[in-house]
Structures are given as structure tokens and as C-alpha cells.
Amino acid sequence: MTHGFDTLQVHAGARPDPATGARQTPVYQTTAYVFRDADHAAALFNLQEVGYIYSRLTNPTVAALQERVATLEGGAGAVCCSSGHAAQIMALFPLMGPGLNIVASTRAYGGTITQFSQTIKRFGWSCTFVDFDDLAAVEAAIDENTRAIFCESIANPGGYVTDLDAIAAIADKAGLPLIVDNTSATPYLCKPIEHGATLVVHSLTKYMTGNGTVTGGAVIDSGKFDWSASDKFPSLAAPEPAYHGLKFHETFGSLAFTFHSIAIGLRDLGMTLNPQAAHYTLLGIETLSLRMQKHVENATRVASWLENHPAVEQVTYAGLPSSPYNDRVSKICPNGAGGLFTVALKGGYESCVKFVDSLEIFSHVANLGDARSLVIHSASTTHRQLTEEQQIAAGAAPNVVRISIGIEDPEDLIADLDQALAKAG
Ligand SMILES: *Cc1c(COP(=O)(O)O)cnc(C)c1O
């Protein structure tokens with residue numbers, strides 16, 4: 001029997017605790033698990049039996065969350081990790097090696113641009129950034145050393161909706177996996193796997209948890225990519241020396257990526273999600289659809305109001321008819337364009353700073369996707385490390401403020417924005 005989204009967000013991955021009957025998923029606050037006997041231990045360590053060994057690899061609370069996010073995204077399996085940025089490294093790790101590259105969208109979260117343009121170089125990996133609205137440029141950026149294509153479904157923060165089907169067709173033709181960061185949309189608004197994504201990554205820190213309590217990440221595998229079709233993905237297709245020559249793809253099929261991410265990725269990189277954080281995220285996901293509906297409803301009202309304000313130059317909410325991405329909403333994110341957008345003020349940088357400092361309900365923080373409304377002046381904070389050219393490409397020009405609309409009363413949010421805009425001049 002298949003269930004609807006609202007049922008799955010409450011039940012997927014969780015069942016009454018077999019030991020106690022506890023109805024809510026317990027926080028299994030334990031480091032290790034007793035082996036039944038030495039043979040059981042050996043089978044677990046050889047990956048011949050699935051079970052719990054040590055919480056750097058697997059933990060029952062985290063496992064419930066992994067099953068829930070995999071189910072909601074329509075994937076075969078998922079691995080959770082300590083943050084969204086950890087998830088991006090975990091997604092690339094089985095695919096990459098020194099000298100190899102990825103092709104990524106210029107319109108990405110500022111931290112992602114820094115991670116891909118600077119930090120991954122230390123592993124000998126590199127990234128070519130292109131405008132993903134220019135399909136010919138995406139295709140031209142792929143070379144024989146490319147191992148993945150990376151973009152966001154609704155890009156943070158500029159309100160860009162990616163034509164995932166078109167990008168997936170390019171990835172398919174090149175025999176490469178498409179990785180989609182679905183943080184800003186969540187699986188309630190967008191299902192990247194249905195549009196051809198191979199892997200979906202999340203910052204669980206944002207809407208998935210939804211209350212600003214934890215950092216967490218996840219990589220969901222569609223289970224659909226043929227890792228053995230070329231010799232490009234030896235970590236998944238070729239014999240693995242650390243497991244007596246085991247071939248992950250041949251042995252685990254559609255779960256190859258997930259098993260590799262746990263047995264090698266978490267084992268050796270150690271970017272593990274802790275069970276307490278998994279518990280908060282499980283609680284948050286129970287109300288995901290309710291919150292996302294309210295985020296979308298509020299964002300639509302507030303963005304339309306802002307668009308008509310005389311101090312405002314532009315609002316980049318894909319849910320507005322004025323957005324060039326508006327016609328992609330019904331195709332890519334049919335339940336709405338999310339709760340995140342940017343507003344450009346006619347008064348420039350100075351005006352933005354005054355505006356942000358004058359808000360009372362909105363908090364000025366480096367977070368988004370909270371039940372509370374949040375703002376940030378990206379150019380002076382999250383996107384500070386980028387050049388002005390990169391800032392503009394990422395939708396974070398100096399006169400732009402990012403707004404993450406919460407689930408409060410929209411009239412109160414509008415009143416707060418109104419008084420702050422008056423002070424900003
Ligand atoms: C926040 C965010 C990340 C990074 O996630 P962390 O949990 O902060 O590491 C990646 N992508 C997007 C779109 C984000 O909003």
C-alpha cells in the first residue's frame with residue numbers, strides 16, 4: 001500500500017520501539033552495540049549482515065531519519081551526516097579523485113561556492129561554474145574528467161528555479177550523475193528524483209528540521225544510476241581493497257551508494273549525525289508539509305506587498321508572476337516556490353544595513369528555513385568571501401537582503417517590514 005506525503009512524514013522509518021513499545025522514536029544515546037557472538041560480529045564487519053556496530057557508522061535513531069528522508073524523496077537509500085556541507089562532501093566522495101572535476105551552477109548557496117571553488121582543491125578536485133540557464137554552456141563545461149553535475153532545485157537565495165529535466169538530460173547523455181541540493185524546496189515542494197536527479201543532498205538544518213535547533217545533512221540516492229556502465233566510478237564498481245575486494249555496485253545494487261557512504265564515507269570521514277540531532281529533525285519532519293504550505297502562503301503575500309513598495313527595486317520570488325522563473329514553478333515545484341527570496345532596495349548597501357537593523361520580528365541571522373522569519377544582508381555576511389561578480393551571479397549583490405519568511409501572521413510580518421523600510425529611507 002502506498003501512502004501520501006502527510007502520512008509518510010509522520011510514519012516513514014519509525015515504528016514502535018521493539019524493546020519497550022515507546023511510540024515516539026527513542027534517542028538511542030549509545031556509542032556501541034553488543035554483538036550476539038563472535039560470528040555475528042564477523043558478519044557485520046564483513047558487510048554480510050546489516051546491523052549496528054558503532055555509532056560513527058550507524059545508530060537506530062539516525063537510521064529512522066535516513067529511512068524517512070529516503071522515502072520522502074522517493075530514493076532507494078539515504079545517509080545522514082553532520083551538516084549540509086558534510087552532505088555535499090559525502091555525495092562527491094565516492095565519485096571523485098585527484099584531477100577530477102564537477103560542473104556546478106553559479107547560482108548556489110554562498111557556502112557551496114566557497115566549498116567548491118576553494119576547499120575541494122585540497123583534495124585535488126575542482127569545479128567549473130556555469131550558468132545553468134545556458135544549457136549549451138553546461139554541456140560544453142563537461143570534459144572527460146567530469147564526474148558529477150551539481151545544482152539546487154530552488155537556488156538559495158535568488159529564487160532561481162532550475163530546469164531539472166533539461167539538466168538531467170545533459171547529465172544522462174554524458175553518463176554522469178546529477179546531484180541536486182533540495183534544501184530550499186524540501187521534498188514537499190520538489191522531488192528532484194522524479195526530474196532525473198541521481199542524488200539529492202540536504203541541509204537538514206533548514207526547513208526539514210524547521211525550528212533552528214540543529215545542523216544536519218543527508219544524501220539520498222535514487223538507486224537508478226548504473227555505476228558500472230563506464231570505468232568512471234571505480235569506488236562503486238571496482239573491487240574495494242578495504243573489504244576483501246567487494247564490489248559495492250555488484251553486491252548491493254541500488255543501495256551501492258548508500259552502503260559505500262556508510263561503510264567507507266562515515267567510517268573514514270566521520271561526518272556523523274548524532275542521535276539527538278536526528279531526534280529533533282524527525283520531530284520537525286512530522287510537520288513539514290504543514291509548515292511549507294504556510295511558508296509558501298506567507299512568502300507569496302509578503303513578496304507581493306514588497307514588490308509594490310516604493311523603496312523596493314526588485315523582489316526575486318519565483319512565486320510572483322513578475323519572476324522569469326514563474327513558469328517553471330508549476331513544473332518543478334508544483335506545491336509552491338518556497339519561503340525564501342531576496343529584496344533589492346533602491347537605497348543600496350547603506351539602506352540595507354539600516355533596514356536589517358530596524359526589523360523587530362525578523363532576526364538578522366545566518367540561517368534560513370526556520371519557523372521564525374529571518375533576514376540576512378548576504379553581501380556583508382554569508383557571501384562576503386565572494387567577489388562582487390560572484391555575489392551578483394549568486395543573487396547577493398550589495399543592495400540585496402535575503403528574507404526567509406516564517407510561519408507567523410503575515411500581517412505582523414508586513415507591518416514590521418513597513419516600519420523598517422520607513423527607517424531605511
Ligand atoms: C545551509 C545550506 C547548505 C549548508 O548546510 P549546513 O547545514 O549549514 O552545512 C547547503 N545548501 C543550501 C542550499 C543551504 O541553504
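The values are calculated or read from the model by the stated rules, or taken from the named source; none is laboratory data. Since the model is a prediction, treat every value here as computed from it, not as a measurement. Please note: Cβ atoms are built from the backbone with ideal geometry, for glycine as well, and neighbour counts cover all protein chains shown. Ligands, DNA and RNA are excluded from the accessible area calculation, which covers all protein heavy atoms including side chains. Shrake-Rupley method; radii C 1.70, N 1.55, O 1.52, S 1.80 Å.
Of all residues in the stretch 149-166, those that are touching a residue at least 24 places away in the same chain (Cβ under 8 Å) have Cβ atoms under 7 Å from Cβ atoms of residues that are more than 9 Å from the ligand (Cβ to nearest atom) and of a type in the set (Lys, Arg), 6 or more apart or on another chain, in Ala155/Arg107; Pro157/Arg402; Gly158/Arg107; Tyr160/Arg107; Val161/Arg328; Asp163/Arg328.
Scanning the stretch 392-417 for residues that are without any contact (Cβ under 8 Å) to a residue 40 or more places away in the chain and not in a loop (DSSP other than H, G, I, E, B), we see that the one that is farthest from Gly284 (Cα to Cα) is Ile392.
Return the residue satisfying two criteria in turn: it lies in the stretch 67-89 and is within 16 Å of the ligand (Cβ to nearest atom) and open to solvent by 20 Å² or more (accessible area, probe 1.4 Å), and of such residues it is farthest from Asn274 (Cα to Cα). The selected residue is His85. Against the list (1) in contact with a helix residue (DSSP H, G or I) (Cβ under 6 Å, 6 or more places away or on another chain); (2) not in a loop (DSSP other than H, G, I, E, B), the condition Glu49 fails is (2). With respect to the conditions (1) outside the structural domain of Cys190 (by TED's automatic domain parsing); (2) assigned to a helix (DSSP H, G or I); (3) touching a helix residue (DSSP H, G or I) at 6+ places or on another chain (Cβ under 6 Å), Leu72 lacks only one, and its number is (1).
Give me a count of the residues in the stretch 214-234 that are open to solvent by 40 Å² or more (accessible area, probe 1.4 Å) and under 18 Å from Ala87 (Cα atoms).
The initial filter retains those residues of the stretch 214-234 that are open to solvent by 40 Å² or more (accessible area, probe 1.4 Å), namely 215, 224, 226, 228-232, 234.
Still in the running and under 18 Å from Ala87 (Cα atoms): 215.
Result for the stretch 214-234: 1.
If the condition is being within 11 Å of the ligand (Cβ to nearest atom), modelled with pLDDT under 95 and assigned to a strand (DSSP E or B), then the stretch 145-166 contributes only Ala155. Within the set Thr119, Thr114, the sole residue that is assigned by TED's automatic domain parsing to the domain that holds His249, more than 12 Å from the ligand (Cβ to nearest atom), open to solvent by 10 Å² or more (accessible area, probe 1.4 Å) and out of contact with any helix residue (DSSP H, G or I) (no Cβ under 7 Å at 6 or more places or on another chain) turns out to be Thr119.
Selection of the stretch 276-304 for residues being part of a helix (DSSP H, G or I) and either acidic (Asp, Glu) or surrounded by fewer than 17 Cβ atoms within 10 Å (Cβ to Cβ) (or both) yields Gln276, Leu283, Leu290, Gln293, Glu297, Arg301, Ser304.
Scanning the stretch 378-425 for residues that are surrounded by fewer than 22 Cβ atoms within 10 Å (Cβ to Cβ), in contact with a Ser or Thr (Cβ under 7 Å, 6 or more places away or on another chain) and of a type in the set (Lys, Arg) gives a single hit, Lys423.
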